[in-house]
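Working notes for the structure below.
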Amino acid sequence: MIKNPLVWFSKEKEVKKEPQKYSKEIVINASEYETRIAILEEGRLMELLIERPDKERMAGDLYKAKVTSVLPGMQAAFLDIGTGKSAFLHVSDIGWHYGSQEGEEWEEFEEDEAPEPERHRHRAAIEEILKKGDELLIQVVKEQIGTKGPRVTTELSLPGRFIVLIPGGKLVRVSKRISNWAEKRRLKDLVMRHLPSGFGVIIRTEAEGKEEGDFTADTKSLVHLWKKITRLARRAKAPALIHKESGVTAGIIRDLFTSDVDRLVVDNKEEFRKIMRYVKEVAPELRSKVAFYNEPVPILDLYGIEPEIDKMLERKIWLKRGVYLIIDQTEALVTVDVNTGRFVGKDSQEQTIFKANMEASKEIARQIRLRDIGGLIIIDFIDMPSREHRRRLFEEFKNHMRHDRSKYAISPVSEFGLIEMTRERIRPSLMFTFSDPCPTCSGLGRILSKETIATKMERWFRRAKAGSSVKSYKLVIHPYLAEAVADGAGNRVAQLSKALRLDIDVIRDTFTSPDSFRVLETDTKKEVTELFMK
């Protein structure tokens with residue numbers, strides 16, 4: 001459990017207080033090269049958001065884009081947005097007004113009001129909607145991930161404190177997290193009084209209990225922003241960035257610094273001032289919850305968060321009772337394997353397995369949020385024959401996931417003990433932020449064994465003997481490999497040299513990959529590795 005070790009100082013002496021427990025706290029560490037935002041719940045790190053100047057977030061940005069190619073077979077188009085990587089636009093991400101036939105009324109339905117075929121009756125094929133060279137205003141909905149460019153949409157949205165303004169929309173929707181129907185109706189009525197024609201709106205969770213004045217200011221600000229965007233878009237030549245979404249800190253303050261947050265602590269004076277100015281304007285009741293940290297000990301060290309960040313790159317995660325998880329990430333999916341480890345329990349085997357799975361479910365939900373894992377996720381729990389235990393495990397896991405801000409869908413536990421789920425993936429997971437691909441294993445997580453490399457090396461020299469008249473070579477290998485092939489009584493290089501009547505001089509080089517080798521001609525010093533590498 002991470003404790004809050006903040007210390008208050010008086011003029012006379014240092015005064016230490018018992019750490020106050022907060023159910024939800026936001027800690028911001030801002031520097032010239034990186035901003036890190038930690039979200040703690042009950043003293044535990046649950047989410048970590050990172051922004052670096054060289055890798056600024058694109059999600060939410062608006063661009064004037066140019067269509068470079070239309071692919072009818074994929075029902076998609078690629079767009080030039082000026083970032084060097086083509087953006088991907090699927091026909092399903094094109095607003096209805098693009099697909100309507102001339103003279104038809106564009107109509108939007110509530111999600112639960114119309115069956116699927118009815119809702120898609122006006123959808124045209126993408127080749128009927130877009131042509132190469134067309135220019136359009138788009139918004140990034142998914143960051144560039146791996147080799148894939150950003151995914152974009154023509155259905156634009158501008159988030160505010162209490163509402164999300166949707167240019168071209170026609171409906172007022174209310175967050176699903178507001179469950180009181182009377183409150184939903186009240187909020188809809190308040191927003192409709194000030195909503196200009198030609199706009200739709202989504203009422204956010206934080207709007208619950210707010211009054212008319214709050215929505216008036218929010219709506220006015222967003223409509224003004226939209227007018228500014230349209231003016232810039234008319235003048236700009238595609239491709240061009242039209243509007244940059246708020247930075248990570250501003251976005252967090254807008255989206256997460258709500259009434260359920262007990263405190264926000266920041267260690268950068270400039271960011272502290274920005275936050276205070278914003279809070280003063282939109283939520284003055286939250287000013288007392290903002291604190292500036294100015295002590296020698298780094299703020300994330302103080303909260304014990306740095307060790308948690310280091311653990312995020314580990315494949316194996318140990319839990320309290322000896323249960324452990326194995327998390328493997330690929331570009332397509334993530335697998336989580338639950339193992340009993342050292343946990344033996346005091347009950348029957350069935351109860352022991354059930355308890356191990358229940359404990360693991362909580363940590364898995366945390367790791368999914370903490371590592372920002374998205375896409376397809378397969379969780380392999382320990383097999384449980386009892387249907388009741390599988391049902392209870394499913395409900396427990398759903399309960400732990402309920403605080404996740406990303407959209408997700410979870411299937412019940414199968415008879416094989418698997419839970420399959422999908423989670424919205426807007427940006428690469430933090431593993432890809434903190435790490436680069438291994439230059440040795442190329443992402444496999446393993447390297448070729450010494451025996452495999454030794455055999456490969458022997459085959460090389462046999463081909464060289466048959467295909468070249470050169471008699472003297474230098475073999476460059478890592479010391480790790482040299483221990484196996486060039487040292488001791490079983491010196492394979494010496495044996496090979498004798499058998500083939502070649503002079504092979506071994507050069508130990510720590511810069512050579514442990515699972516590869518290089519060969520040079522002794523006289524010319526020319527590298528000839530590729531000549532006989534088949």
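Observations on the structure shown:
- Residue match in segment 422-430 (condition: part of a helix (DSSP H, G or I) and within 24 Å of the chain's Cα centre (by Cα)): yes
- Residue that is nearest to Thr335 (Cα to Cα) [pool: residues in segment 346-379 that are surrounded by fewer than 16 Cβ atoms within 10 Å (Cβ to Cβ) and touching a residue at least 40 places away in the same chain (Cβ under 8 Å)]: Ile378
- Condition check for Met384: surrounded by 15 or more Cβ atoms within 10 Å (Cβ to Cβ), in contact with a strand residue (DSSP E or B) (Cβ under 9 Å, 6 or more places away or on another chain) and either of a type in the set (A, V, I, L, M) or over 28 Å from Asp505 (Cα atoms) (or both): no
- Residue tally, condition modelled with pLDDT under 85 and at positive phi, over segment 145-202: 1
- The requirement of being within 21 Å of Met46 (Cβ to Cβ) and not aliphatic (A, V, I, L, M) is not satisfied by His389.
- Condition check for Thr340: closer than 20 Å to Leu393 by Cα and either in contact with a strand residue (DSSP E or B) (Cβ under 9 Å, 6 or more places away or on another chain) or surrounded by fewer than 18 Cβ atoms within 10 Å (Cβ to Cβ) (or both): yes
- When Leu187, Leu222 are screened for being farther than 27 Å from Phe78 by Cβ, in contact with a Gly (Cβ under 6 Å, 6 or more places away or on another chain) and assigned to a helix (DSSP H, G or I), only Leu222 passes.
- Of the set (1) assigned to a loop (DSSP other than H, G, I, E, B); (2) within 24 Å of the chain's Cα centre (by Cα), all apply to Val336 but (1).
- In segment 481-524, the qualifying residues are those that are in contact (Cβ under 8 Å) with a residue 12 or more places away in the chain and among the hydroxyl-bearing types (Ser, Thr, Tyr), and the one that is surrounded by the fewest Cβ atoms within 10 Å (Cβ to Cβ) is Thr510.
- For segment 221-267, taking the residues that are modelled with pLDDT under 90 and farther than 30 Å from Thr83 by Cα, the one that is farthest from the chain's Cα centre (by Cα) is identified as Ser259.
- The set of residues in segment 201-219 that are in a helix (DSSP H, G or I) and surrounded by fewer than 20 Cβ atoms within 10 Å (Cβ to Cβ) comprises Thr205, Glu212, Gly213, Asp214, Thr216, Ala217.
This table checks each residue for (1) surrounded by 14 or more Cβ atoms within 10 Å (Cβ to Cβ); (2) touching a strand residue (DSSP E or B) at 6+ places or on another chain (Cβ under 6 Å).
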position	(1), (2)
Ser429	yes, no
Pro439	no, no
Ile447	yes, no
Ala454	yes, no
Met457	yes, no
Lys465	yes, no
Val470	yes, yes
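- Checked against (1) in contact (Cβ under 8 Å) with a residue 24 or more places away in the chain; (2) part of a helix (DSSP H, G or I), Glu388 passes all but a single condition, namely (1).
- Subset of segment 367-384 [assigned to a loop (DSSP other than H, G, I, E, B) and at positive phi]: Asp372
- Within segment 241-292, considering residues that are outside any helix (DSSP H, G or I) and of a type in the set (Lys, Arg), the one surrounded by the fewest Cβ atoms within 10 Å (Cβ to Cβ): Lys244
- Single residue of Leu376, Leu300 found to be modelled with pLDDT of 85 or more and over 19 Å from the mean Cα position of the chain (by Cα): Leu300
- Within segment 407-421, the only residue that satisfies the criterion of being free of Cβ contacts under 8 Å to residues at least 24 places away in the same chain and closer than 9 Å to Phe397 by Cβ is Ile410.
- Residues satisfying the criterion are absent from segment 406-413 (criterion: in a loop (DSSP other than H, G, I, E, B), under 30 Å from Ser513 (Cα atoms) and touching a strand residue (DSSP E or B) at 6+ places or on another chain (Cβ under 6 Å)).
The values are calculated or read from the model by the stated rules, or taken from the named source; none is laboratory data. All values derive from a computational prediction rather than experimental measurement. Cβ atoms come from the backbone with ideal geometry, glycine included; neighbour counts cover every protein chain shown.
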